[in-house]
Structures are given as structure tokens and as C-alpha cells.
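Each remark here refers to the structure printed beneath this line.
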Amino acid sequence: MTVTPDPTSNAETPTPTEMPALIPGPSAFHESSQFRHWRYSKDQLYNLRHELNEKSREVTERNMKAERESLGADGPSPPPPTTYPSVEEELKLVNFYCDQASKICRQGFGVPEYVESTTISYIKRFYLKNSVMEWHPKNIMPTCLFLAAKTTNHPIPIEVFVPKFKNFKSTDILEIEFVIAQSLAFEFWTHGAERSLRGWFLEFQNKPANIDILQRNLPSALDWLSRSRLTDAEFIWSPSQIGLACWRLTAESVVDEFLDEKYANWTPPDGYDDEDGPMAYPYGIPLPRLRAIIRDIQDLIRSTPPLEQKQIKEIDKRLKNCINPERVPGTALYIKRKAELEAKAAEAKAIKTAKAKEAMEKDELVFGGPVKPADDDPFGPPLPKKESA
């Protein structure tokens, strides 16, 4: 089992768009878009979400004023500042729908666990680029699940998928599928910690005495893994580190003994003389550093408060008064925006048709146009039928 060196171990972590050139790492995770574009420090996540929240408030307030002006006195008034959800409240609402996605995956469709983890990753990534004031999670979550099922090779026919969701139509899913794909930067592959957790399960069986302990504690480790999906762990640490932390939360002595023995018996490759290089250690980093990372992940998972239904309902109730009207079907801004998009689509189609026609005309100038049948048959008219005697 390969533990990816902690990307946040340096004093200053570059932003996702400023990552240094990669050299091949010990795992596929190193070479993935997830490693390059979807890892952050805690400070980066904090700043990203607060900037997004502030910007979305401004856009929503401006569009509400525009909606009121277009409708006159009948238009909605912008809500008071206290109505808008805070960053923490946005995150609670997103996590609630991540939890709902987990239940639907297991109870509604019975899809493999990596479809569930991919769905949740899509939701969390989407809301690093968008606010709940722009797109309500109740609309985004089903489409993320529909998309994740396709990208993980477990597609669900739309006519089977839609009936699982109350008051949903096929168009509700399909019309925002491209919006979500854009927010994901069309990077659909995710490395969930579920594979790593099961990989550690096999690694720890180096001692026969561990097998029974591991079998008994596997459900608990999987439960901790489910709870980790409602945290920022996947944006900060590698899947293998998260999987190891989940095991340590349920079988601490097994994990500690395994790591102690692994590091004590480790021998660097022949000719490798860099005492602090990645190959000087079995998992690329010193044992104290690895233990510190695992403890940080454990603390994050344990400290995540349970979702309170009453609080979620209160946040959702306030959110109904501060959704960007441009995203609400039936509003003046929505109708205007839809008309503009349809006009642009029609214009683009007309341009494409004109270019195709122009290209065809040029081909006719070069090649003489399509071959037409000759008026006169070189073999003469058809022979008359011979009359029978």
C-alpha cells in the first residue's frame, strides 16, 4: 500500500493553478487531475469559500433589484443581510445533501461504493465554484449522481433514474448536466479512499492474529470513511492517508504495530544514499510526520458535528428568500436569460449552416458540382418489346 506524501507539509502550499511540474509519483493519484487541480490547504479552502459567498451575495442582491424593477411593485425586495446564508451554513446544507446522496446510492439504486464517493466528490467540487444562492443543492445532487453513474461505467437510464426523485422531470437532470461538467472542469475521475481502506485491510493481514480483529472492525472503519466524506479531507490529504486514518480510528493498536514494524524493517534500495529522500522511508515520509498527518485526519473526522435536521430546515427556509432570481424558472430574469441563450444558440446554428453551405459551394467550384445524368443515352432508346405471335 502506497501512502502519498502529504502535499500540505510545506510551509506555503501553491494554489491549484500554480502547482509545480509533476514528476512520476509512486501511485496513480500523483498523476491524476485530482492531485493537480483539486487539493488545497485549509487556508485556501477558507478564503475560496468566503470570496465565493461574498460575490454570490452581491450578484443575488443586484439581480433581485433588477427583477423588482422589471416587475414594478410586484417584484421581490432584496432580503435583509441577516437572511443570506453564511459560509458555515452553506457548507452544512451541502453536507446534508451529500448525506442524502449517500442514502439514495445505497437504498435507492444499490450502486457500488465508488459511485457514491464519486457523487459526493462532484457535489463538493461543484460548491467550490458555485454558491447555494446560485444553485440549490436539491437540484444539483441528483444530477451529480446521474453523471457519476455514467462516468464510473454504471449508467442508469433516465426513465429509471427520475422516478426516484419527487417532483423531478428528465429535463431537470439533463439541462444542468453540462453546467456541472463545466464546474468540474470536465475532470470526472476521482480517487476515493474506499479502495485505499480495503488495500490497508489486506496489508494489515501480515499477522494471522490480526485477521479476526480486522474482520470485526471493517464495518466500523467503513462507517468512519462515510463520515470522512462530509469533511474537507479529500481536498487536503491523499486517499491512502484518509483510509489509514479511518482504520486507526477503529483498530489503533493494529495500525501502530504495523507501522512500527514496517519502518523498523525498511531498507532503502541499493545505492540510494539520500537519508532524507522519499525512498529512505517505506511511505516516502518519516514515521513521526506520517503519524501527525493521520492524527490530523482523525481529529477532523471526529470533530465534524452531526447534521441537525431542524437547523438544516431553518437554513433552507431562509435560502428560499435569497436565491438568485436568474436561476429560478418563471422569473423575469430567468425568462430573459433563457431567451438570450436561445438566441445565441440560434445564431451559432445559423453561422454553422452558412459556413457549411459556403464550403459546399467552394467544393462545387473546384470539382464541378455533382455529376448529373446525361440527357441523351449514348446507347440509344430502349428496344421495343417484341409482340408475341
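Here, each number is a calculation from the coordinates, and none is a lab measurement. Quick caveat, the model's predicted, so the values are computed rather than measured. Counting neighbours? That spans all protein chains shown, and the Cβs are built from the backbone with ideal geometry, glycine included.
Listed peptides 104-110, 116-122 appear in the order 116-122, 104-110 once ranked by packing, highest mean of other Cβ atoms within 10 Å at the front. Peptides 175-182, 58-65, 162-169, 351-358, ordered by how many other C-beta atoms sit within 10 Å of their residues on average, highest first, read 58-65, 175-182, 162-169, 351-358.
Any idea what the relative contact order of the stretch 191-303 is, in percent, if you count C-alpha pairs under 8 Å spaced at least 6 apart? Mind showing how you got there, number by number?
On the way: 97 pairs, mean separation 33.0, N = 113.
RCO, the stretch 191-303: 29 percent.
Going by neighbour counts of Cβ atoms within 10 Å, the residues GLU257, GLU89 line up, fewest first, as GLU257, GLU89. Value of Rg to Rh for the stretch 191-303, rounded to two decimals, is 0.99; Kirkwood radius and Rg both from alpha-carbon coordinates. Dipole of the stretch 191-303 computed with +1 at Lys/Arg Cβ and -1 at Asp/Glu Cβ about the Cα centre; of PRO282, SER228, ALA292, farthest Cα towards the positive end is SER228.
Quickly rank 233-243, 217-227 as a protection proxy: mean count of other C-beta atoms within 10 Å, highest first.
Working: 233-243: 24.2, 217-227: 17.4.
Averaged packing, sorted descending, gives the order 233-243, 217-227.
May I ask you to compute the full-extension gain from ASP273 to ILE335, defined as 0.36 nm times their residue separation minus their alpha-carbon distance, rounded to one decimal in nm?
Details: separation 62, 0.36 × 62 = 22.32 nm, distance 6.77 nm.
Full extension from ASP273 to ILE335 adds 15.5 nm.
Charging the Cβ of each Asp and Glu at -1 and of each Lys and Arg at +1, and nothing else, the dipole of the stretch 191-303 about its Cα centre rounds to 580 debye.
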